[in-house]
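Every number in this text was worked out from the coordinates using simple rules, so none of it is lab data. All values reported here derive from a predicted model rather than from experimental measurement. So basically every Cβ, Gly included, is an ideal-geometry build from the backbone, and we count neighbours across all protein chains shown.
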Amino acid sequence: MAEISESPPNLAEPHEPAPEFDPKAMRTTEPGLKRLLLTCTVLLSFILGFPLLWKSVEIYRSPLPFEDIDSVANDVESNPLMFPCHFQVIFINYSPKISGALNPEHLKQSISAQITKLTPQTPECGSCSHNFTLSVTVDSEGSGCSQSNASATSHLYNCGGIRVGKLNFGDDEGVDEALELVLGGSSGGFGGRVYTVVVVGENRAGVEGERAVVGKYRHAWIQGKDLEVDCAVVERVAELLVKVFANGGREEGVIHGEFMPVGADGRIVLSFNLLNAEPGDWVYDWDFERIDQTFLVPMIEALAPIANISVESQVLYHTPKSSFSTWDERYVPSANECPLILQLPNGKISATNGFISPMWGGVMVWNPPSCLKNSETKLPGRHLISAQDLQNIFQVFMGQFRQLFGLNSDSLYAGSSGSYKLLASERGFTEWELDVLSRQHTCFNLHSSATTLGSLSRLVQSLPRMIIMDEIGKQVMFSLEAAKLAQSNASLGIYNISAVSSRHARSLAEDAFFHPSIMSVSYYSFEHCFAVYSSLLVYAALRFFLL
């Protein structure tokens, strides 16, 4: 049997893979200067272009004094502004026997202790009862004059200046003017803010009982028949100095925002509106120019350090009673409603026939003299409000305006030690009331400006992409300067100048915070900016590294 031999399989040699690159096309030498030059050019372009790109997206920010803002804000918040006040008490017209027993230094200690007792323990911004000096004088025509031990500059009263025999205590206005002639020029380096209480021992005017009167300047007097200097008199003197002169007849020393009708820009608009409910019955008009020149101009000048006041007026017809919307209004009811009388919540009839709304204004209902419920007049009659009625209307308005400022609208202040008669000023506000308003508004404006600047500082630092114009930086700087000037003038007792400076500080701070360039810009964070430009930068970087 034949053997079948199997031939071994034909194993083919493995084929080498075909080369990926053509050896003829490949360069056999290392890259030269051309590749290096190209790489350096791209890298240099990127280095030079990045600052230009960063500059193109940079936000302009005027530098703000953040440290100064924080310093002023902390100072206003932690250190209440204490205005200086100088009080002086003068005991006159006592018999030689009684005046010889009166020791000015002992009286000073007793009055100072009572002032401290009436003053709140926590210092209140805008008050001056924590920072006061006191001098006491006992002046008797028969036994000479003695004063408490103090520096020469604190002796503001010249002995023998007040002649009791020439004063008619039955005429309060005359006594007030006579005391002003003697005491008005004694500023003694206290910015003119010297508050005086005169205690008259023997009453030669024949007025029975004890009386206390507060004048329209910066002094008051207490008189009575054979008035003794006892604890009751000391308490009344201290109450006059603290509760009236220092706090303005208010229990609290600081004025609240809801009772301050002054805008953030320091302006007040007095809009007087005479509303005729039914012109078919009658139409009343007024001589407003007479009101402006006679009553409003003196008041506006007196309040000039506190607010910039502008006045406007109009006469309206067919105005519904429920649509009062402007500052101060006088409402003339129709014939069917006349007389229209307002009733108070306690059931009593309103003495002024009006009311106020804090931070808004006041309303008064004026009933015409010829008020007929069933008028048969077919044609409306045109009338002009008389001068006497205009004066009565203005008195009501002045009382409402004083209430909006937080002051007493009555001519009597009832204290814990007794009642005090308050003389009214032709300008609507007495000198000591203007001092109170200046102190309280200075304090309020400084707090408001510090709060606004602090909010602006925190807002700017939290948004790095916020645009800060140069005008904003200037407003912030001027606001800080005005605030520091207000603090400096307040420490010197110059109340009116400090009120003006604080008003400017608040107005500038508000202007800076609500600047149009801030309010109109849409802000975005740095992460948002990086997300927008990262795609462009990554693409450029990949192109560079792949070369």
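Taking the Cα centre of segment 337-455 as origin and charging only Cβ (+1 Lys, Arg; -1 Asp, Glu), how large is the dipole, in debye to the nearest 20?
200
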request  = List the relative contact order of segment 477-517 as a percent without decimals, with contacts defined as Cα pairs under 8 Å and 6+ residues apart.
outcome  = 45
request  = State the percent of C-alpha pairs, over all pairs in segment 411-491, separated by a distance greater than 17 angstrom.
outcome  = 65
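With 25 Å as the limit, write out which pairs from K243/K484; K117/K348; K108/K225; K225/K421; K108/K166; K243/K348 have Cα-Cα distances beyond it, or answer none. Working shown, then result.
Values: K243/K484 29 Å; K117/K348 37 Å; K108/K225 23 Å; K225/K421 18 Å; K108/K166 28 Å; K243/K348 29 Å.
Going by Cα-Cα distance, K243/K484; K117/K348; K108/K166; K243/K348 fall outside the 25 Å limit.
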